[in-house]
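Read through the structure below, which is laid out as structure tokens, and then see the notes.
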4 protein chains.
Amino acid sequence: MSEVGTDDIGSWFSPEELAVIRRRMPILYVDAIPVRVDADGVITAVGTLLRTPREGGIQRALVSGRVMYHERIRDALARHLDKDLGPMALPRLPVSPVPFTVAEYFPTPGITAYHDPRQHAVSLAFIIPVEGDCQPQQDALDIDWFTPEQIIAPEILAEMVDGHSALIRTALAVTGRLL
Amino acid sequence: MSEVGTDDIGSWFSPEELAVIRRRMPILYVDAIPVRVDADGVITAVGTLLRTPREGGIQRALVSGRVMYHERIRDALARHLDKDLGPMALPRLPVSPVPFTVAEYFPTPGITAYHDPRQHAVSLAFIIPVEGDCQPQQDALDIDWFTPEQIIAPEILAEMVDGHSALIRTALAVTGRLL
Amino acid sequence: MSEVGTDDIGSWFSPEELAVIRRRMPILYVDAIPVRVDADGVITAVGTLLRTPREGGIQRALVSGRVMYHERIRDALARHLDKDLGPMALPRLPVSPVPFTVAEYFPTPGITAYHDPRQHAVSLAFIIPVEGDCQPQQDALDIDWFTPEQIIAPEILAEMVDGHSALIRTALAVTGRLL
Amino acid sequence: MSEVGTDDIGSWFSPEELAVIRRRMPILYVDAIPVRVDADGVITAVGTLLRTPREGGIQRALVSGRVMYHERIRDALARHLDKDLGPMALPRLPVSPVPFTVAEYFPTPGITAYHDPRQHAVSLAFIIPVEGDCQPQQDALDIDWFTPEQIIAPEILAEMVDGHSALIRTALAVTGRLL
């Protein structure tokens, strides 16, 4: 789950306040899996954000972030897709608010397939076809696209941040692309 | 459920053969609800095919038709959307093969909300955003678009062919547009 | 959405703290629609909690409540079902964490079909078959069961608290019981 | 996909007729994944039917079979569960007719993850908790239960008939049990 920037938090809570809340109630997130699809709707590629964390190495993530107060889920999705893929990505937002899976990130590992040491987050996850041009923003070095076959390679999944490899595999299973 | 033209049948079974089969096994269909969506993915309009049946009056229908031998569900969807909305409709085919509902049409009324006097048909139903220009084809007089509020008016739903009003209401419920 | 008792809040936040948080971030809820099903899995009845609010009259509600810190969604469901239907209700918890709909309750009416003057709540809604004996708990006078045909009567839906009539209609649509 | 017994076919079509139809139109099936769940609804075991095919070796399958003329999907599920697990299995039939996935079996390998040399079958797949006693019927030697961790072992998945390993992995992904 991606690091939330201070400006993102600051408009609502101080970092100290948010730190307290994060240890006392579940935080609502959205996760988006950016995909390229062919004319038949078949997923041809999955997009990942490439980052270099402070502790070194590289790390890949999906689009992910908090739902803000008085924000609809589809608006939170649109905002985070815009923030991470740039304004020309042309994402197709879902017609239904029902996620393909619900990822429950716990600070304690092993309760679910999802883990976030900072908080208890509950994320509604969506597969989002993007039709336009995606450009890395902010802290991302690049946006890499992998075919379904490539992305489930252990060495690629191993680069994903906590839980995002489980999200990708679930998305491929749900769409019939997990062979 | 729309009348299937002879040419559609003829390539596989004679009308007599199909008539026999239709009384002895369930026939697999796809139903598509064509919708217009705004940039946020919210449904703004639902499309219906306007027809004048031989027995007089007018009738509205969704896009509907059989799945052929060795045809993928998404290919059947693409074929029927093209056949009913024209080649410029630009439908967004679903990334997942899971329908939003399964409509079981029985020749006997009252078993489900769906009824088809000709056959036992099982239809996988999908909500399909269309982005391009839709033109009535073949036996349709026109394609009429209604807002979600307009289409659930009893006089419009009453014009729908058997079961298609239940499909529309289910689609609006699933997408959060049934208020 | 049901009133949350002080003891439910007190273990985590003071009422003042929660009041502040409720105006600044979305609160995660679960909604459960208790149903009776026949041997085929068809819904035969929907359960509602009958209450007499302080302002007079009667009010009906579904099972609803917050997800607590470090609590799985299925544990939150089990806790609220137990709290509202009693320990002998024998609810069948879902095998999947994916809700049948996501209800976004806004303090401002009209943004979605769901409204909660106290807060911005996002609720994952589940249809829960119950097999055992249900007894009203705490502030509920009774648990009333209605057939799908009865519960969509305007006078019954009018007694439901904000948004719960939309939840019931969506649940009946999704399960093929909205005729 | 399991071999369909002659008596199952004979009441509707002769084997010759069915053989012809199977090469000319898609056949509607249901697949059921029998599971044991704990009190929280978490899958603890997946059931498989152990068989010894004529060509030797062993083979595992899920519950699978055709939908008959004028039969509801839930009735087809009940019939095949009864036929394969025995009358005391106490399966919990789904409240919704929407499958967790749609498996498209083609006679040509490689079009989807599902392959059936005999026919083009389209199967609506459901995860079915069973609460009672399961006994092997007819051609099955035994019913073996595996934990989610055990069943995804390559040597177990390799024993599954065509496509059923993909169904199991999809079911585990959808229910959050694919780690």
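The values are calculated or read from the model by the stated rules, or taken from the named source; none is laboratory data. Values in this document were obtained by computation on a predicted structure and should not be read as measured data. Cβ placement follows ideal geometry from the backbone for every residue including glycine, while neighbour counts extend to all protein chains displayed.
The single residue among B:D84, B:D75 that is under 14 Å from the mean Cα position of the chain (by Cα), of a type in the set (D, E), outside any loop (DSSP other than H, G, I, E, B) and modelled with pLDDT of 95 or more turns out to be B:D84. Restricting attention to region C:95-110, the residues that are assigned to a loop (DSSP other than H, G, I, E, B) and of a type outside the set (A, V, I, L, M) total 8. The residue pairs whose first member lies in region C:20-37 and is more than 7 Å from chain A (Cβ to nearest Cβ) and at negative phi, whose second member is of a type in the set (D, E, K, R) and buried (at least 23 other Cβ atoms within 10 Å of the Cβ), and whose beta carbons are closer than 9 Å, counting only pairs six or more residues apart or on different chains, are C:I27/C:R66; C:Y29/C:R66; C:V30/C:R66; C:A32/C:D84; C:P34/C:D84.
The set of residues in region B:140-175 being of a type outside the set (A, V, I, L, M), touching a Leu at 6+ places or on another chain (Cβ under 9 Å) and free of Cβ contacts under 8 Å to residues at least 60 places away in the same chain consists of B:E149, B:S165, B:R169.
Here the condition is being within 14 Å of chain B (Cβ to nearest Cβ) and under 22 Å from C:T101 (Cβ atoms); of A:A125, A:A89, A:A103, it holds for A:A125 alone. All but one of (1) in contact with a His (Cβ under 7 Å, 6 or more places away or on another chain); (2) crowded, with 22+ Cβ neighbours inside 10 Å; (3) over 20 Å from B:A171 (Cα atoms) hold for B:V67; which doesn't? Unmet for B:V67, out of (1) in contact with a His (Cβ under 7 Å, 6 or more places away or on another chain); (2) crowded, with 22+ Cβ neighbours inside 10 Å; (3) over 20 Å from B:A171 (Cα atoms): (1).
The residues in region A:69-82 that are more than 8 Å from chain B (Cβ to nearest Cβ) and within 22 Å of A:L49 (Cα to Cα) can be counted, and the count is 7.
Kindly indicate whether any position in region C:50-58 is at pLDDT 95 or above and buried (at least 21 other Cβ atoms within 10 Å of the Cβ). No, region C:50-58 has no match at all.
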